[in-house]
1. Calculate, for the stretch 25-84, the solvent-accessible area per residue in square angstrom, rolling a 1.4 angstrom probe over the heavy atoms of the protein chains.
2. Quote the convex hull volume per residue of the stretch 212-285, based on C-alpha atoms, as a whole number of Å³.
3. Relative contact order for the stretch 1-121: what percent, with Cα pairs under 8 Å and sequence separation of 6 or more?
4. What dipole magnitude, in Debye to the nearest 20, does the stretch 227-354 give about its Cα centre under +1 on Lys/Arg Cβ and -1 on Asp/Glu Cβ?
5. If a paramagnetic tag sat 7 Å from the Cα of Val239 along the Cα-Cβ line, which residues of the stretch 349-392 would have the backbone N under 14 Å from that point?
6. Given 0.36 nm per residue, what is the gain on full extension from Ser412 to Val322 after removing their alpha carbon distance, in nm?
7. How much FRET efficiency would the formula 1/(1 + (r/R0)^6) give for Ala405 and Asp96, where r is the Cβ-Cβ distance and R0 is 45 Å, rounded to 0.05?
8. Within the stretch 280-383, list the chymotrypsin sites (Phe, Trp or Tyr not before Pro) lying in a DSSP loop whose Cβ has at most 13 other Cβ atoms in a 10 Å radius.
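The values are calculated or read from the model by the stated rules, or taken from the named source; none is laboratory data. Treat the numbers as computed from the prediction; the structure is a model and nothing was measured. Every residue, glycine as well, gets a Cβ built from its backbone with ideal geometry; the counts of neighbours run over all protein chains shown. What goes into the accessible areas is simple: the full protein's heavy atoms, side chains included, and nothing from ligands, DNA or RNA. Shrake-Rupley method; radii C 1.70, N 1.55, O 1.52, S 1.80 Å.
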Amino acid sequence: MSGKSALVIGLDRYVLDACRELGYDMVVVYGAAVKDFAFYPVPEDVPAVLVDDQRSLEAVMMGLGRAGLLERRYDVVVTSDEFAVVTAAALGRHFDARAVPLDVAVNFRDKSVQKSIVTAAGVPTAAFQCVPDVLDIPDDFELPFSPAVLKPVGGAATSLTSVVHTTADVRALSEEYLRAGVPVRSFIVEDFSHGEEWFADGFLVDGTIGFFALGRYLKTCLGTVQENLPLQLVQLDPVTEKWAFDSAEPVIQQALTALGLRSGPFHMELFADPESGRVVFGECAARRGGVLTRDAVLAKYGVDLARAGVQALAGERPDFQVRHEPAVIGSTFLPCTPGVLADRPSVDQIMELPGVLYAQIELPRGFLMPHSLSNAVVKLGQVLLTADSHEQLFDRMAYVTSWVAERTHALSSDLPARMLRRDDREPMCSLPVTLTA
């Protein structure tokens with residue numbers, strides 16, 4: 001053994017690769033849903049513990065107990081799963097390991113707690129009000145803002161997030177959620193934030209930003225879900241768009257300081273008015289950004305956020321060197337074609353398209369793809385692109401999404417057999433049987 005040990009919650013291949021490179025012996029805990037989706041295989045050379053739910057402290061502790069790993073010493077507890085941040089923090093406290101402190105983890109997970117803290121610290125952010133039980137709206141409730149956004153206090157990926165204009169809208173959603181058996185109850189309603197939606201990804205070392213990258217969504221996450229569009233992101237450039245970094249950095253640092261994070265990765269969302277330069281805090285996570293964030297930042301700056309995030313969380317000083325790539329870097333989701341996935345292009349074929357740096361297909365043939373987006377991260381796959389200008393990047397995004405869509409074939413899941421047969425070109429039976437005397 002190397003002498004350094006990491007407990008990793010979830011199968012994040014970038015974190016696992018980083019821990020290997022940094023010389024950590026690892027134990028990986030992963031949930032049944034992760035196993036069943038099976039996008040990333042369980043490493044054969046790492047002790048891995050399957051549990052019912054990797055987000056549940058009880059399930060993780062029981063799994064470690066079954067595996068005889070509760071007495072093992074861990075130096076750091078790491079997760080990139082938004083819903084396991086508090087669990088990882090509690091495990092860190094139990095094992096006396098480096099991790100996000102438990103109270104700090106709550107600050108980052110509960111949006112009502114988070115908003116209260118940053119508001120008290122003078123960080124510009126949207127006004128809000130708690131809705132303790134979205135399935136039981138009090139008779140005297142009145143919508144305090146219009147338009148407003150209604151969302152779970154512990155949500156992610158814009159799931160169960162809606163724009164509401166009247167108190168009646170809130171009550172209608174309450175009834176809809178009750179009929180649908182929505183399992184989460186605690187929501188907030190916040191004043192609608194206008195402007196561009198930006199995101200910042202980086203890490204803190206001893207309370208100070210060690211590095212951060214800034215980008216923007218081409219359309220807000222909420223707009224993406226409402227309009228059933230693929231999520232598209234572009235990295236902002238620290239040279240040609242220096243004003244954006246200068247405007248965002250004070251807000252980022254002040255918010256992180258107020259929320260209590262001192263070491264480790266962060267992913268923050270902000271709203272910005274490019275004309276005035278005003279930046280408003282949206283929300284923040286005490287983990288690395290998802291989707292292709294790590295790959296985009298690596299391409300733009302040469303900084304591996306997975307590796308640096310582990311080092312910072314573990315109390316080590318990240319070893320990184322920033323290089324500036326002047327090309328425009330962005331990514332796009334590949335939208336689903338509703339129905340049962342019958343065929344789609346290969347990763348190798350997509351890699352041959354102009355400007356593609358990286359591509360991944362996440363859904364296997366036979367997967368039932370949805371008709372509409374339930375959250376901002378529903379997708380067939382995603383592609384990282386480079387271009388000489390924003391215009392060229394947007395053209396390449398449009399081209400790759402349409403190119404893949406034209407070559408993606410799905411079978412309807414709700415049509416009768418007679419209609420499915422129209423698209424089935426294979427013979428359904430052999431030649432007729434003939435009887436001989």
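1. Details: 3170 Å² over 60 residues.
Per-residue accessible area for the stretch 25-84 comes out at 53 Å².
2. On the way: hull volume 7.7 nm³, N = 74.
Convex hull of Cα atoms, per residue: 104 Å³.
3. Numbers: 190 pairs, mean separation 26.9, N = 121.
Relative contact order comes out at 22 percent.
4. Values: 11 positive and 17 negative charges, 96 e Å.
Result for the stretch 227-354 is approximately 460 debye, rounded to the nearest 20.
5. 388-389, by backbone N distance to the label point.
6. Values: separation 90, 0.36 × 90 = 32.40 nm, distance 4.82 nm.
Between Ser412 and Val322, full extension yields 27.6 nm more.
7. Details: r = 51 Å, r/R0 = 1.14.
Efficiency, from the Cβ-Cβ distance: 0.30.
8. Values: sites: Phe281, Tyr301, Phe320, Phe333, Tyr358, Phe367; in loops: Phe320, Phe367.
Here no loop site has a sparse enough neighbourhood.
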